[in-house]
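Student: My structure is below; once you've seen it, I'll send some questions.
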Amino acid sequence: MPASRLQELGYSGHHPSDTQRAAIKAMQRVLATIARDGSAAAMIDDMASFKDREAVVDTAGYLARDRRYGA
């Protein structure tokens, strides 16, 4: 759907279906590479660094909450 139509419907420029479908395709490619090569090394330039991944998923925040509220 064009961005102009999404804006008419009240969306602010986000395209969740597009990003989700792109992510699925990327996951399929990396899994196929792992199946073929035994690792994702051939795709390293197409992947976020582990440090960037930790920041995006906020691992530090989860660990802090676990320490605070964990049993």
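Student: Among A55, A26, A40, which one shows the biggest mean-square fluctuation in a GNM of the chain, springs joining Cα atoms closer than 10 Å?
Tutor: Residue with maximal mean-square fluctuation among A55, A26, A40: A55.
Student: Let me ask you something else. Got a sec? How would I34, I44 order by Cβ neighbour count within 10 Å, fewest to most?
Tutor: Values: I34 14, I44 9.
Lowest count first: I44, I34.
Student: Find the Cα radius of gyration of the chain, compare it with 2.2 N^0.38 Å by division, and give the number to two decimals.
Tutor: Numbers: Rg = 17.8 Å, N = 71, 2.2 N^0.38 = 11.1 Å.
After normalising by residue count via 2.2 N^0.38 Å, the value is 1.60.
We did not get these values from a lab; they are worked out from the coordinates using the rules stated. Worth saying up front: this structure is predicted, and the values here are computed from it rather than measured. So basically every Cβ, Gly included, is an ideal-geometry build from the backbone, and we count neighbours across all protein chains shown.
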